[in-house]
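Just so it is clear, none of the values below were taken in a lab; they were calculated from the coordinates. A quick note: this is a predicted structure, and the numbers were derived from the prediction, not measured. Using ideal geometry, Cβ is built from the backbone for each residue, glycine included, and neighbour counts are taken over all protein chains shown.
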């Protein structure tokens, strides 16, 4: 079946090239406006915060993500002047449709105006710049506008700029590494053409899906850089195998060489693509739209890369031909067999003579890198790491220095009294006031907003709404603890009539629900994913122990990655080396994404190497010879592929957003270590120590594929 598809692809190669060209151009054009349909929502289905959001939307005609905060610093003014300032600010807010004032409060020489909109985040964000212009036209030139819509409006162009810079870094470094690896040949353009087509195809599909599904703001950055790195890896493997086939069969025609290449490298790419896709599919099982949208987008990368590897890549190799591999000046270091290098000879001798010492010492080094993971703390999200030159960020900086930045994202308490007009009773009013008074005494609370009429009571009189403005960032430990205290202490002890219900909403509550959902579902989901991948690898490698060993090495790699993220961000090494943020907590989505992607990429390199080792084993060599031979044939290409992937994800590090920086640093550092300490030392030493047990399979009848 595989070879039949391959032969059909070669026969209709002109049609396939034309088809993929059209698809790539369509993807490029259609994805231009993709970012306008992306969101930052952390909504958790069937949670208390989602229920609060539904009531807020249906009964109070608001959305938590539609809150706009306007900050006017006035210093010292009379009461009359403050009232005049309030009126000016209120008049300016009328430019935002479907909105109303929630609160105006003068505190510490500053007027805080909170405006609520019932429109979507994207729709509300379109009125941020007109609002800023309106404030200036009314003489309020020092006013600062922040809140989720303002932040969304401000960060979109910055993310786009970061993506362009990341692309230049990724392509530039990749081109240099490809020239070093392949020499001054036309072959260096095969991975670049292949990767660009894969990325544009995936972006086109994501664009179509964005009309029907929730999609996250970071998706274009992640798809382009990770898609580029993985696709270059796949095509580099095929190009290198094509060179080997040319070297072995110098007189063969191009079609036979391509078929021989894809018979081995193509199967490896397909197995790797399926394995990586299954690892990334883990994200689809988390019942959170934010995480699922990331999963949908990135799972398209290995699927797209595998599809193009079976259709476009053989055609590109045919076009390249034997002449395209030649270079009179510089052949590239991949042109030399690993077995011919002094480094490989010394490393092979070390692995064969002292495998136990190599294994134990490497494991100890990796354990040292992984140890800081014990100090890991996570946050659902953070607003403290926005680029400092954005107006919404300047507002946060001002708030932090004066009163606390929790005013941007308040907790919204919804109290359901059970009956219409119940809010008018004296008992309910007194219970609400006493609750607000108790909450306001909490040292982590800046202020509490509540009242007898709209916007604090809905039109039916059944629902109360109380705003709690904290002193700390939305995802901070202090804010998480405040939400838990509201949920477990303040509200259950409230003196409302029997049968009342309460719901806690707003971004801080969404964050707490997100962490709870991830912690409760992650273990089962990851175990299921590991089991599925183990079964797939067992079938691919015809072995029981090799999948177990592969998963163990992946878990070691992930532990090292998490430890390195803590070292770089919590302890500040990244800020000294790369100018990244220094943060007490790591964004949970970046952490989860890092684990899943690294699991897939590490397994990718495992499949590359072990597949080649198995080829040698099937030919009848001893385990030691098979390991050294397969290791020697893949060492350079895997290391080069890893360096190119590191170059691709380094584009994240140059950006302005903490979550993407954490993802980039974690992936780059972990893959460097995975491709060196783990793949060059731990993997071969472990396979030498296991001996013939590597290939043990119950009821195995033959060593042949």
Kirkwood-based shape ratio for segment 490-589, expressed as Rg/Rh from alpha carbons: 1.19
Modelled label reach - residue 120, point 7 Å along Cα→Cβ, segment 181-212 residues with backbone N closer than 19 Å: 204-212
Contour minus Cα-Cα distance for residue 368 and residue 90 (0.36 nm per residue): 94.3 nm
Compactness index (Cα Rg / 2.2 N^0.38 Å), segment 103-159: 1.20
Cα-projected label distance for residue 689 with residue 213, points at 7 Å along beta-carbon direction, nm: 4.1 nm
Translational diffusion coefficient (Stokes-Einstein; Kirkwood radius from C-alpha pairs) of segment 567-621 at 37 °C, 0.692 mPa s, in µm²/s: 233 µm²/s
Kirkwood hydrodynamic radius of segment 138-200, from inverse mean 1/r over distinct Cα pairs, in Å: 15.1 Å
Percent of Cα pairs exceeding the 14 Å cut-off, where the set is segment 127-171: 60 percent
Pairwise label distance in nanometres, residue 77 with residue 322, each label 7 Å out on the Cα-Cβ vector: 8.3 nm
Cα pair count fraction exceeding 17 Å, expressed as % - segment 573-705: 63 percent
Mean residue ellipticity (222 nm) of the chain, computed from DSSP H runs ≥ 4 via -39,500 (n - 2.57), nearest 500: -20000 deg cm²/dmol
For segment 444-598: relative contact order, % (alpha-carbon pairs under 8 angstrom, 6 or more apart): 13 percent
Likely footprinting exposure, 127, 218, 490, 234, fewest C-beta neighbours within 10 Å first: 490, 127, 218, 234
Kirkwood-Stokes translational diffusion coefficient of the chain, alpha-carbon pairs, 4 °C, 1.567 mPa s, µm²/s: 47 µm²/s
Alpha-carbon centroids, segment 361-401 and segment 26-95: separation in whole Å: 26 Å
Rg over Rh, two decimals, segment 243-303 (C-alpha only, Kirkwood Rh): 1.30
Rounded FRET efficiency, nearest 0.05, which uses the C-beta distance separating residue 388 from residue 249 and R0 of 51 Å: 0.30
Average projection area in nm² (convex hull over Cα atoms of segment 1-138, one quarter of hull surface): 15.0 nm²
Compactness index (Cα Rg / 2.2 N^0.38 Å), segment 338-435: 2.42
Contact order relative to length of the chain, as percent, for alpha carbon pairs under 8 angstrom and 6 or more apart: 19 percent
Descending semi-axes in Å of segment 68-146, equivalent ellipsoid built from Cα gyration tensor: 22, 12, 10
Compactness of segment 388-489 as Cα Rg over 2.2 N^0.38 Å, two decimals: 1.20
Gain in span if fully extended, residue 165 to residue 15, counting 0.36 nm per residue against the direct Cα distance: 50.6 nm
Distance between modelled label sites at residue 54 and residue 136, nm, 7 Å Cα→Cβ extension: 4.3 nm
